[in-house]
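Report on the following structure.
The values are calculated or read from the model by the stated rules, or taken from the named source; none is laboratory data. Everything numeric in this text was worked out from a predicted model, so none of it was measured. We place every Cβ from the backbone using ideal geometry, glycine too, and count neighbours over all the protein chains shown.
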Protein chains: 2
Amino acid sequence: STENGTRSVVNNLSSEIPLNLDHGDPRMFESYWKKVGDRCKFTIEGHESLSYFANPKNLCWFLEPKLEEEIKKLHKMVGNVKVEEEEDQFIIVGNGSSQLIQAAFYALSPLDDSNPINVVSAAPYYSCYPEMADLLKSGLYKWGGDAHSFNDKEEPFIEMVTSPNNPSGVIREPVVNGGGAKGKVIYDLAYYWPQYTPITAKLDHDLMLFTVSKCTGHAGSRIGWAIVKDKEVAKRMIKFMEISTIGVAKESQLRAAKLLGVISDSCSNVWSPNFESFFEYGHLVLKERWEKLREVVKKNPLLSLQKYPLQYCHFFGDFSESHPAFAWMNCKNGSKDLEKILRGNKILVRSGRRFGTDPNYVRISMVCKEEEFNLFLQRLSTIKEISD
Amino acid sequence: STENGTRSVVNNLSSEIPLNLDHGDPRMFESYWKKVGDRCKFTIEGHESLSYFANPKNLCWFLEPKLEEEIKKLHKMVGNVKVEEEEDQFIIVGNGSSQLIQAAFYALSPLDDSNPINVVSAAPYYSCYPEMADLLKSGLYKWGGDAHSFNDKEEPFIEMVTSPNNPSGVIREPVVNGGGAKGKVIYDLAYYWPQYTPITAKLDHDLMLFTVSKCTGHAGSRIGWAIVKDKEVAKRMIKFMEISTIGVAKESQLRAAKLLGVISDSCSNVWSPNFESFFEYGHLVLKERWEKLREVVKKNPLLSLQKYPLQYCHFFGDFSESHPAFAWMNCKNGSKDLEKILRGNKILVRSGRRFGTDPNYVRISMVCKEEEFNLFLQRLSTIKEISD
């Protein structure tokens, strides 16, 4: 089926079919996994993993022990999270981090019969937070909008902090002033990996979320994990997971464990000294793409891109800029609808409106396949003639 | 890990640790899959299935085409569902049928700002429906209790019809009188397979749910499917799946496709003429277990079991009783708490209370491992001395 996918993309490219860079579908990483070959092949026998249970002794009874082990090993190797002893830190697996975000809303909402708690995030915020919070018109939580304009500090609230931010790629901290006892923070750290951004600190927050989609590129596996300090919060998240989906597919967990293990191996040079690590590969491809994109944008007086500071990355042991998974581009003429302009040039992207900001901003996926990225640059470079 | 599981069960059995028959963990089927051997081995390469998308051309864009094909093939083979052409019937995959139940609640709830729709089911009903309906205090739907006592026919409602029923194993129809335009029915058909019950008709309802857990025994895979006639309902269920988990793990879908294909092969005798089909195996094991259980219960004046009619099964071409995945047992002395009595004898089961009925009823899993079932009979046969 991957082979068919490849062929159909190539066919699409040769015709004038719109190029879809709206989703962050991470197919850029396919070529690395092809090079790794049989080391990342996953096999499971028909009689394995029939049970609902992965580890009845764990609070998170549906988490495969091998996945927990590989998650901790990778965080230690990368140095992006402070890994603690078992009873000080709970790992909860989810069907993607999407489901864990909802589990966290549930777990952090008040237990009494008060009004639904406000979920806020600083604009531009991830476009799916509002629909996740409001989907079921829950009496427990609701979307409260841009955290910058959230002032009702007497009420409890949940602030989503996405760092690096989706869509803008910048490193973030909570913005609701003080936060204090009434505010609870969920750190969505999907992009806090060395291919996207310099690793500057071992994070140690109360509730942190990660996802395989953005770490390894396996979006189709729907595996995310939460790292939670408070046992009662962890218990409530697990309860949500039980009722919502009775846990998470064992096949995907075991395959994700294998893939994370392969990444750890690639970083410790266990194969051949010349085999580049997964993060080196991702970093180099994204760096090159960003350089090419900045060249094209520089030639267009209409367009501008988010800038990132040079920072020391503890993982690579060197200074680097961020090379986010999305480009956050804007039209210097503030009255333009940039999504519409790009659509007219057969480039589909997500409008700034969806992220709680202005339509002269758009989010563009940088993790597409190579031939898609090249076509994107080619189409983008013709735009000035149309809209200047 | 399965090997460890086996060892730990054996250790548990030799000591006086409680035997857990509370969940319907379908480990009974492991021995069949072991016999099938390499035919049901599943392998996936590291570079496959990275994308969020399985089939962008399908309304259900996250459904693997191979899984859809094998689902239809198996339904045709078994004759339990009328399989229609593509635009007359939509197949939607979910993370178990649990998630699809919630997707269906969402899809069938009113679009306007009216009160939450009542979700009802005839007692004894599946113990998870109330908590699924009420988990998030949704403004769209809420648990409305036993369908027998639901009278507010002027309001719209959703009736869950579980057939064969969990916990009681009987074949069911809607009970809310008339139903009519205001009532919508969800058929939960998890157990409508030949190992559990005679297949008497090709069902053709508006919204039907199935799950791999109960069909093949792979509960750990978290794969369920909905068969939906109305395109707008299908679209809303798909939207729920997108926001809830961005679809379903590709690994599990592809493995489930393989396993369903193996079951179809086993029914059409493609291997050797003496290799019993999956359904024959399941039917024979459950028949034998039910006979043994009825023998033990017959000797105990305190206990009684649900009875089932003899019916003609179109799949086996013979008359048979049902042999449900759960035993629905009751204490003839109505004032007893049967769950507590069994717990005192180190048998953990689910109380009738949880199913909206009396505590003199309990639900007992019949799909456990062989050694667990034997221990269950052994412990059960000693009970009369204690509680008579």
Next item on the list: Being part of a strand (DSSP E or B) and among the polar types (S, T, N, Q) is the filter here, so list the residues in the range B:348-374 that pass it.
Entry: B:SER351, B:SER365
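Kindly check whether there is at least one residue in the range A:282-292 that is under 28 Å from B:VAL248 (Cβ atoms) and in contact with a Ser or Thr (Cβ under 7 Å, 6 or more places away or on another chain).
No, every residue in the range A:282-292 fails to be under 28 Å from B:VAL248 (Cβ atoms) and in contact with a Ser or Thr (Cβ under 7 Å, 6 or more places away or on another chain).
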Checklist line | Residue within the range A:324-333 that is at pLDDT 95 or above, more than 25 Å from A:HIS148 (Cα to Cα) and surrounded by 16 or more Cβ atoms within 10 Å (Cβ to Cβ) present | finding: no
Checklist line | Complete set of residues in the range B:276-304 that are farther than 30 Å from B:LYS336 by Cβ and without any contact (Cβ under 8 Å) to a residue 60 or more places away in the chain | finding: B:GLU276, B:SER277, B:GLU280, B:LEU284
Margin query: Considering only residues that are surrounded by 23 or more Cβ atoms within 10 Å (Cβ to Cβ) and of a type in the set (Val, Ile, Thr), which ones fall in the range A:180-216?
Written below: A:ILE186, A:THR197, A:THR211, A:VAL212, A:THR216
Next item on the list: Collect the residues in the range B:89-105 that are more than 7 Å from every other protein chain (Cβ to nearest Cβ) and either surrounded by fewer than 24 Cβ atoms within 10 Å (Cβ to Cβ) or not polar (S, T, N, Q) (or both), keeping them in residue-number order.
Entry: B:GLN89, B:PHE90, B:ILE91, B:ILE92, B:VAL93, B:GLY94, B:LEU100, B:ILE101, B:ALA103, B:ALA104, B:PHE105
Check: Scanning for something under 12 Å from the mean Cα position of the chain (by Cα) and more than 14 Å from every other protein chain (Cβ to nearest Cβ), does the range B:172-185 turn up at least one residue?
Finding: no
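Only one of A:ILE117, A:ILE44 is more than 18 Å from the chain's Cα centre (by Cα) and free of Cβ contacts under 8 Å to residues at least 60 places away in the same chain. Can you tell me which? Quick ask: steps written out before the conclusion?
Details: A:ILE44 fails: free of Cβ contacts under 8 Å to residues at least 60 places away in the same chain.
The conditions single out A:ILE117.
What are the residues in the range B:3-43 that are among the polar types (S, T, N, Q), farther than 30 Å from B:SER127 by Cβ and modelled with pLDDT under 90, if any? Can you show your working first?
Of all residues in the range B:3-43, those among the polar types (S, T, N, Q) come to B:4, B:6, B:8, B:11-12, B:14-15, B:20, B:31, B:43.
From what's left, farther than 30 Å from B:SER127 by Cβ: B:14, B:43.
Result: B:SER14, single match.
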Check: With respect to the numbered conditions (1) buried (at least 24 other Cβ atoms within 10 Å of the Cβ); (2) more than 9 Å from every other protein chain (Cβ to nearest Cβ); (3) more than 23 Å from B:HIS75 (Cα to Cα), which one is the sole condition not fulfilled by B:THR245?
Finding: (2)
Check: Do the conditions hold for A:TYR52, that is, is it more than 30 Å from A:HIS283 (Cα to Cα), outside any loop (DSSP other than H, G, I, E, B), facing chain B (nearest Cβ under 8 Å) and at pLDDT 95 or above?
Finding: no
Notebook entry, point to check: Residues in the range A:188-205: is at least one at pLDDT 95 or above, among the β-branched types (Val, Ile, Thr) and closer than 25 Å to A:GLY145 by Cα?
Noted result: no
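Could you name every one of the helices (runs of 4 or more DSSP H) located completely within the range A:243-347 that has at least 2 residues being among the acidic types (Asp, Glu)? Lay out the reasoning, then the answer.
On the way: elements: A:250-267, A:278-298, A:338-344.
Result: A:250-267, A:278-298.
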Next item on the list: From (1) crowded, with 21+ Cβ neighbours inside 10 Å; (2) out of contact with any His (no Cβ under 8 Å at 6 or more places or on another chain); (3) away from chain B (no Cβ under 13 Å); (4) closer than 24 Å to A:PRO194 by Cβ, pick out the condition that doesn't hold for A:CYS60.
Entry: (4)
Notebook entry, point to check: Within the group A:LEU111, A:LEU140, which residue is aliphatic (A, V, I, L, M) and either touching a strand residue (DSSP E or B) at 6+ places or on another chain (Cβ under 9 Å) or within 11 Å of chain B (Cβ to nearest Cβ) (or both)?
Noted result: A:LEU140
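If you scan the range A:290-327, which residues turn out to be under 24 Å from the mean Cα position of the chain (by Cα) and farther than 22 Å from A:ASN80 by Cβ?
If we filter the range A:290-327 for residues that are under 24 Å from the mean Cα position of the chain (by Cα), which is where we start, we get A:290-294, A:304-327.
Once the filter is applied, which keeps residues that are under 24 Å from the mean Cα position of the chain (by Cα) and farther than 22 Å from A:ASN80 by Cβ, the range A:290-327 yields A:GLU291, A:LYS292, A:LEU293, A:ARG294, A:SER304, A:LEU305, A:LYS307, A:ALA327.
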Item checked: Output for the range A:24-49, where each listed residue is surrounded by 17 or more Cβ atoms within 10 Å (Cβ to Cβ), at the interface with chain B (Cβ under 7 Å from one of its Cβ atoms) and part of a loop (DSSP other than H, G, I, E, B) -> A:ASP25, A:PRO26, A:GLY46, A:HIS47, A:GLU48, A:SER49
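I'd like the residue in the range A:218-237 that is closer than 22 Å to A:ILE158 by Cβ and surrounded by 24 or more Cβ atoms within 10 Å (Cβ to Cβ) and, out of all such residues, is nearest to the other protein chains (Cβ to nearest Cβ). Spell out how you get there, then give the answer.
The first filter runs over the range A:218-237 and keeps only residues closer than 22 Å to A:ILE158 by Cβ, leaving A:224-237.
When the remaining residues are screened for being surrounded by 24 or more Cβ atoms within 10 Å (Cβ to Cβ), the result is A:224-228, A:237.
Values: A:GLY224: 9, A:TRP225: 14, A:ALA226: 14, A:ILE227: 19, A:VAL228: 19, A:MET237: 13 Å.
Among those that are closer than 22 Å to A:ILE158 by Cβ and surrounded by 24 or more Cβ atoms within 10 Å (Cβ to Cβ), it is A:GLY224.
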